[in-house]
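Worksheet: the structure to be examined is printed underneath.
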Amino acid sequence: MRPSPKLFAALYPFGAGAMGVNLFFASLIGSWLGWPVLTPWQSVAGGLVIGLPATYAFACHIVRLMEKAES
């Protein structure tokens, strides 16, 4: 069950954005432990990278739901 490239491309901006926001807020929580806080640009770059597998997993989930709805 591989998602189509169109579905992946449609979902990727949302997945990358969500991962960037999550990464930024995780770095804020990490600052309580003395870790450095990421800049917004670092969070965007990390979100673009981490967004790939997250979007792929979510697109596979959507494909499974579509197949279940068709049967």
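The values are calculated or read from the model by the stated rules, or taken from the named source; none is laboratory data. Everything numeric in this text was worked out from a predicted model, so none of it was measured. A quick note on method: Cβ atoms are made from the backbone with ideal geometry, for glycine too, and the neighbour counts reach across all protein chains shown. The area values use the complete protein model at the heavy-atom level, side chains included, leaving out ligands, DNA and RNA. Shrake-Rupley method; radii C 1.70, N 1.55, O 1.52, S 1.80 Å.
Observations
- Top-ranked residue of the stretch 1-41 - restricted to ones that are β-branched (V, I, T) and not in a loop (DSSP other than H, G, I, E, B), ranked as nearest to V63 (Cα to Cα): V21
- Boolean, F8 is of a type outside the set (G, A, S), open to solvent by less than 70 Å² (accessible area, probe 1.4 Å), in contact with a Pro (Cβ under 7 Å, 6 or more places away or on another chain) and at pLDDT 95 or above: no
- Of the listed requirements (1) out of contact with any Ser or Thr (no Cβ under 7 Å at 6 or more places or on another chain); (2) open to solvent by less than 60 Å² (accessible area, probe 1.4 Å), T39 misses just one: (2).
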